[in-house]
Amino acid sequence: MLTTRPTGTNDFLPGESEKWQYIEQLCRQVCAEYGYKEIRLPIFEHTEVYLRSVGETSDIVEKEMYSFEDKGFRHMTLRPEGTAGTVRAFLENKLYADPQPTKLYYMGPMFRYDKPQAGRYRQFNQFGIEVFGADHAGIDAEVITLAVEIFRRLGLTGLSVKINTVGCADCRPKHMEELKTYFRQYEDKLCDTCRDRLERNPLRILDCKEDGCKEVCKGAPTTIEAACDNCSSHFNKLLEYLDAVGIPYEIDTNLVRGLDYYVRTAFEVVINSVGSAQNALCGGGRYNGMVEQFGGDDMPGIGYAMGMERLLLTLKEQGIELPVSKHPDVYIAPLGEAAQKEAFVLTQALRSKGIYTEKDYLGKSLKAQMKAADRFQVAYTVIIGDSELEKGIAVVREMATGEQHEVALSQLVEDLEGRLK
RNA sequence: GUGGAUGUGGUGAAGUGGCUAACACACCGGAUUGUGGCUCCGGCAUUCGUGGGUUCGAUCCCCAUCAUCCACCCCA
């Protein structure tokens, strides 16, 4: 069907697009205040980039990637998330040579081949930030604070920050072994997926939603218990920093997250609603070691990404109105072909002075044009017919009062400028 | 990927195996010649997501397909 868009994609029309602009503008504003600079990246990368970073056992890589071979037989993938590409660009452009930390943000479409439902699409938009070169827990706190700050400024309520520490290269292997040992005792109680996860990535069992698995998980060694001294003090310091600036959070020992690259800090901001299933508005964590994975020198990293569609959905559910569209200041209503041309010239003259001006192009009757002007909610309507043209004037009508006066065409721009002040 | 629901004009929606597919809103035009709201009048689906089938006849029955929504899964 020629008039059907691909499954899981969206057309954002006028009325909606202004909301996007508003949110994007807000994100840019907050980033500017926090010192994050925009990085603009390709929408597709070598498939390898995602295999390396996102993790071979993740669902994204296993079944959700939009991959294709280009005409040169190279394996390409439409980006399913933004971190991997940012890491690649960080190295390729040698940003590690700049003073650290490097604080970046991005926004734009991501692609995952999922079955769409409320708040989940195949092409969706994310805003995200990434910080390289800082291992201090304070930067973890900054990232979380920035995320919360954006939601706060939008006026969202009912949010909760879930936070966990998921281990590092030192403590995770040991923890994984402990988990395997533990879960093997209850293998028969686990769901099919988790039985599969048992050998491949037992950590993921911790955030399984099956009742049986949840029950078993209650007795499992948590990531916090298994944390090594470094991880432990990092986590505690992060919590102290969040307390210090009054960011409320809940520790969620089952928060593991689906991307394999996270170490230490993992967090999500969730909201109760949005269909109920798609309740995570944003999520992120630390990914020390990923830069090395890409062949660079050891360089810590942390970041998060926010789902724009979900954010819009939540705003709608909470009845939060975003400033949508402006009304024109002036509507010019010409009558007849000669007046049309004069009106066009005047329209451009007004616009060049920064006055938002609309005019008729359909040759409508004056009545219809007045109706249009009313609908536009303009402050002034300028009427130009043959009789006015002869006298070199125009009729300026103040819409609120209905008062009209004649103004010389040569004075019209000045006159309206004065009135609109 | 699995399961469930739905699909009538721009929108919200009635409707029935059979004469020209309600209604409301929106939109367009008009109500003495050049003026906004309200009111009044008129216009606006040869067609009921698409393709087949059953039938003398289907928007209403059956099958397929596509799309949307919901849940699972996963994630933003």
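Please treat every number below as a calculation from the coordinates, not as lab data. Remember, it's a predicted structure, so these values are computed and weren't measured experimentally. Don't worry about glycine lacking a Cβ; one is built from the backbone with ideal geometry, like all the others, and counts go over all protein chains shown.
Quick one: of A:K63/A:K209; A:K37/A:K353; A:K189/A:K316; A:K391/A:K421, which pairs are farther than 31 Å apart, Cα to Cα? Going by Cα-Cα distance, A:K37/A:K353; A:K189/A:K316 fall outside the 31 Å limit.
Other residues with beta-carbon under 11 Å from the beta-carbon of A:D252 carry, at +1 per Lys or Arg and -1 per Asp or Glu, a net charge of -1. Note on the stretch A:330-416: antiparallel DSSP beta bridges, both residues inside, total approximately 55 percent of the bridges counted. What's the center-to-center distance, using Cα atoms, between the stretch A:1-74 and the stretch A:196-220 in Å? The stretch A:1-74 and the stretch A:196-220 have Cα centres separated by 30 Å. Per residue of chain A, the DSSP helices (runs of n ≥ 4 H) give a summed -39500 (n - 2.57) that works out to -11000 deg cm²/dmol at 222 nm.
When only Cα pairs below 8 angstrom with a gap of at least 6 residues are kept, the stretch A:141-270 shows a relative contact order of 47 percent.
Give the Debye-formula value of log10 I(q)/I(0) at each listed q (0.11, 0.12, 0.16, 0.21 Å⁻¹), with one equal scatterer per alpha carbon of the stretch A:193-284, two decimals each. One equal scatterer on each Cα of the stretch A:193-284 leads to -0.38, -0.45, -0.80, -1.26. Label-to-label distance, A:N272 versus A:L51, with points set 7 angstrom from Cα along the beta-carbon direction: 4.5 nm.
Using a ≥ b ≥ c from the Cα gyration tensor of the stretch A:330-416 (square roots of the eigenvalues), is it rounded, prolate or oblate, where a/c under 1.5 gives rounded and otherwise the larger of a/b and b/c decides, a/b for prolate? Rounded, because the longest to shortest axis ratio a/c is under 1.5.
The slack in the chain from A:L362 to A:R152, taken as 0.36 nm per residue of separation less the alpha-carbon distance, amounts to 71.1 nm.
Counting other Cβ atoms within 10 Å, which trypsin sites (Lys or Arg not before Pro) in the stretch A:1-110 have at most 12 and lie in a DSSP loop? Mind showing how you got there, number by number?
Details: sites: A:K19, A:R28, A:K37, A:R40, A:R52, A:K63, A:K71, A:R74, A:R88, A:K94, A:K103; in loops: A:R40, A:K71, A:R74, A:K94.
Here the sparse-neighbourhood loop sites are A:R40, A:K71, A:R74, A:K94.
Between A:R79, A:R264, A:R184, the residue with the greatest mean-square fluctuation in the GNM of chain A (Cα pairs under 10 Å linked by springs) is A:R184. Taking a sphere under 10 Å around the Cβ of A:D140 and counting the other residues whose Cβ falls inside, with K and R at +1 and D and E at -1, yields a net charge of +1. In terms of the Cα gyration tensor, with a ≥ b ≥ c the square roots of its eigenvalues, is the stretch A:1-149 rounded because a/c is under 1.5, prolate because a/b exceeds b/c, or oblate? Oblate, since a/c reaches 1.5 and b/c is not below a/b. Among A:D298, A:D329, A:D211, which one shows the biggest mean-square fluctuation in a GNM of chain A, springs joining Cα atoms closer than 10 Å? Evaluated over chain A, the most mobile residue of the options is A:D329. Kindly express, to the nearest 10 degrees and within the range 0 to 90, the angle between helix A:308-317's C-alpha long axis and the longest C-alpha principal axis of chain A. Its long axis makes an angle of about 70 degrees. What shape does the stretch A:1-81 take by its C-alpha gyration tensor, where a ≥ b ≥ c are the square roots of the eigenvalues and a/c under 1.5 counts as rounded, a/b above b/c as prolate, and the rest as oblate? In terms of gyration-tensor shape, oblate. Inter-label distance, A:D374 to A:S17: 2.9 nm, where each label sits 7 Å from its Cα along the C-beta direction. Simple point charges give the picture: +1 on the Cβ of Lys and Arg, -1 on the Cβ of Asp and Glu, and for the stretch A:330-416 a dipole about the Cα centre of about 360 debye. Between A:L313, A:L409, A:L259, the Gaussian network model of chain A with springs among Cα atoms under 10 angstrom shows the greatest mean-square fluctuation at A:L409.
Rounded to whole numbers, the Karplus 3J(HN,Hα) couplings from phi for the stretch A:318-324 are 8, x, 8, 8, 9, x, 9 Hz, using 6.51 cos²θ - 1.76 cosθ + 1.60 with θ = phi - 60°, and x at Gly and Pro. Can you give the longest run of chain A that contains no GluC sites (Glu not before Pro) sitting in a DSSP loop with at most 15 other Cβ atoms inside 10 Å? Result for the longest clean stretch: A:57-320. Contact order, relative form, for chain A: 15 percent (alpha carbon pairs under 8 Å, 6 or more residues apart, mean separation divided by residue count).
When exposed loop sites are taken as chymotrypsin sites (Phe, Trp or Tyr not before Pro) in a DSSP loop with at most 10 other Cβ atoms within 10 Å, the longest stretch of chain A clear of them is A:74-360. Amide H contacts for A:L281 (H built 1.01 Å from N in the peptide plane; partners 5 or more residues away or on another chain; cut-off under 5 Å): A:V269, A:V270, A:I271. Using the Karplus relation 6.51 cos²θ - 1.76 cosθ + 1.60 with θ = phi - 60°, the per-residue 3J(HN,Hα) values for the stretch A:231-244 come to 4, 4, 6, 4, 5, 5, 5, 4, 4, 4, 5, 5, 4, 4 Hz, with x marking Gly and Pro.
From least to most packed, judged by other beta carbons within 10 angstrom and beginning with the fewest, A:T86, A:T165, A:T3 follow the order A:T3, A:T86, A:T165.
Computed over the stretch A:330-416, relative contact order equals 30 percent, with contacts defined as Cα pairs under 8 Å that lie 6+ residues apart. Averaging 1/r across all pairs of distinct Cα atoms in chain A and inverting the result yields a Kirkwood radius of 25.1 Å.
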